[in-house]
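Step one of this worksheet: look at the structure below.
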Amino acid sequence: MKLRNWQSECIHFAISKYKLKKHFLALATPGAGKTVMASVLAKLMYDQGDIDLVLCFSPSSIVAHDFSEALGEQFEADFDGTIGALGNSFTYQALGTIDNKVWRLFEKYRVFVIFDEIHHCAGSNIKDANAWGKPIITTIKQKAAYTIALTGTPWRSDAQPIALADYCNESGQIQCDYVYGLKQAISDNVCRIPQVVALDNDKITVVEGDETSHFTSFIELLSQSIVPYSEIVTNTSVIEQLLIHSSHKLNELRGVNKEAGGLIVASSIAHAWQIQLILKQTIGESAVVVTSDEGNGNDLIKSFRYSQEKWIISVGMISEGTNIPRLQVCSYLSNVKTEMNYRQVLGRLLRITDAPNQQAILFMPAEPNLVEYAYRVAQDIPDELTKVRFAQMDEEIIAEAPALDEGDDIDDSDSHAIISANKPTISIGDTTINLDERLTSFNDMPSSELDISIDKIIGIFGQFNHKELEIDGFEQLIISEQSMKKLSQFSSEAF
């Protein structure tokens with residue numbers, strides 16, 4: 001197997017470092033090929049006579065399976081824990097339930113341990129460790145012969161330390177033994193250049209009782225805490241417009257590459273089925289839905305990976321480490337607004353393939369945190385590709401604010417929208433349409449999802465029109481000028 005330059009270099013660095021210490025931390029951008037690198041490193045360590053067995057831990061069963069296959073390919077042996085196998089691949093969830101026979105392997109053999117996306121495992125000691133970090137600190141850290149910890153995004157939203165990581169005393173920043181960033185990966189033609197389309201509008205009207213308020217952007221609207229972000233991503237019109245833009249781009253790509261696929265990230269299981277219905281009604285297309293409710297979720301993902309189906313809708317099951325290289329378009333309708341989640345989702349689009357068109361485009365609402373992350377990603381792009389300009393949309397959006405009881409607060413952390421007391425209506429020009437008349441096919445949804453109230457699909461109504469804008473290299477970041485002015489003000493207050 002021919003390795004990429006960064007993979008060979010990282011392996012060389014790791015083997016050199018293992019002469020001084022037994023733990024190695026590698027940061028490489030999503031889509032760069034960490035699975036292959038770690039598997040080849042394990043085989044080299046085995047061939048050198050430094051290790052006897054390999055165990056791998058990762059955040060999901062689909063990624064654990066991918067590591068098992070990659071290790072099996074390198075070693076030409078099984079990695080499923082059966083007799084004759086040279087190791088096994090587990091999820092982090094299994095750390096608390098692994099049989100004692102596995103832990104006894106550390107006493108009898110020289111075990112090499114791979115940790116994928118190690119940032120999920122918190123703790124510098126037993127007192128500050130989370131459930132996944134605790135066994136790493138108490139057992140594996142001391143008893144493993146060697147370890148390699150991998151991450152694509154070394155952030156934790158709770159600011160807890162990452163297990164096995166070292167930190168600078170002065171700055172508190174994580175110290176990686178090897179770093180391979182997005183800028184390097186793009187320059188090396190290892191990753192695609194990410195493009196972002198942020199959907200915004202400069203004419204938003206919110207009706208709250210007898211009061212009417214006007215806003216010039218989503219950023220201004222959200223800064224007032226009148227409508228939570230969950231209301232935006234579950235709103236029918238917002239979903240429609242993101243799907244229309246995403247579908248147009250995906251169709252364009254499939255004109256060149258018929259295998260190109262699209263990922264839609266939902267906020268909840270109910271939201272996923274809502275999106276599937278709107279996709280069918282608005283665009284006339286079907287989608288595979290993968291959530292924790294599907295007992296065969298991994299099989300659905302694997303089937304989609306090798307098919308030519310257009311769309312897959314997921315709630316958290318296609319994120320970090322999940323390898324579907326044909327994904328080139330994403331509609332980000334999650335209400336999770338952490339930078340780690342944003343970058344991990346964006347990373348699903350970055351894997352280079354042999355297809356003639358290698359564009360990677362993420363569509364999202366112009367929420368202030370997401371816009372900030374988009375700019376940070378832009379800073380990771382080679383300098384000559386980072387010129388950014390802006391366009392704005394034209395038509396008015398009218399929304400009815402959710403009815404709250406006295407003393408209630410808007411909670412934007414909930415994945416479900418707030419229920420309004422009245423059925424919402426959509427006002428576009430002189431036309432008023434009852435929402436019940438727009439969504440008439442809820443009978444098409446699984447019975448388990450019929451508890452979705454029409455009242456929940458409210459928030460921001462109207463049509464979204466904007467002028468497409470070409471940006472050199474980082475081709476489509478579309479945000480109104482009003483939004484950017486408000487972002488600067490809002491960022492100084494909120495970040």
Write down the accessible area per residue of region 268-329 in Å², having rolled a 1.4 Å probe over the full set of protein chains.
-> 35 Å²
Could you give the distance between the Cα centres of region 189-239 and region 261-296, to the whole Å?
-> 21 Å
Cα-centre dipole for region 1-77 with unit charges at Cβ (Lys and Arg positive, Asp and Glu negative), debye to 20 = 420 debye
Accessible area of region 1-135 divided out per residue, in Å², using a probe of 1.4 angstrom | 45 Å²
Electrostatic dipole magnitude of region 1-136 [Cβ: Lys, Arg +1; Asp, Glu -1; Cα centre; debye, to 20] | 580 debye
Does region 10-166 come out rounded, prolate or oblate by the C-alpha gyration tensor, with a ≥ b ≥ c the root eigenvalues, rounded set by a/c under 1.5 and, if not, prolate when a/b is larger than b/c and oblate if not?
-> rounded
Pulled fully out, how much extra length does the chain show between VAL256 and GLN175, if you take 0.36 nm times their separation in residues and subtract their Cα-Cα distance?
-> 24.9 nm
On full extension of the chain, what length is gained from THR97 through THR82, given 0.36 nm per residue of separation minus the C-alpha to C-alpha distance?
-> 3.7 nm
Carbon plus sulfur, as percent of the 1.4 Å-probe accessible area of region 27-76, comes to 46 percent
Give the whole-number value, in cubic angstrom per residue, of the convex hull volume spanned by the C-alpha atoms of region 294-366.
-> 100 Å³
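Within region 178-275, what whole-number % of the accessible surface is contributed by carbon and sulfur, with the 1.4 Å probe and all protein chains included in the calculation? Before the final figure, lay out each step's value.
Working: 1380 of 3020 Å².
So the carbon and sulfur contribution to the accessible surface is 46 percent.
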Taking 61-74, 279-292, 261-274 and ranking on average Cβ neighbours within 10 Å, highest first, one gets 261-274, 61-74, 279-292
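Could you tell me which of rounded, prolate or oblate describes region 1-58, using a ≥ b ≥ c as the square roots of the eigenvalues of the alpha-carbon gyration tensor, with rounded for a/c under 1.5 and, failing that, prolate when a/b is larger than b/c and oblate otherwise?
Values: a/c = 1.44, a/b = 1.37, b/c = 1.05.
It is rounded, given that a/c, with a ≥ b ≥ c, falls under 1.5.
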Region 237-295: C-alpha gyration tensor shape, a/c 1.5 cut-off, then a/b vs b/c | oblate
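The values are calculated or read from the model by the stated rules, or taken from the named source; none is laboratory data. Since the model is a prediction, treat every value here as computed from it, not as a measurement. Note that each Cβ is placed from the backbone with ideal geometry, even for glycine, and that neighbours are counted across all protein chains shown. In case anyone asks, the SASA skips ligands and DNA or RNA and just uses the protein heavy atoms, side chains included. Shrake-Rupley method; radii C 1.70, N 1.55, O 1.52, S 1.80 Å.
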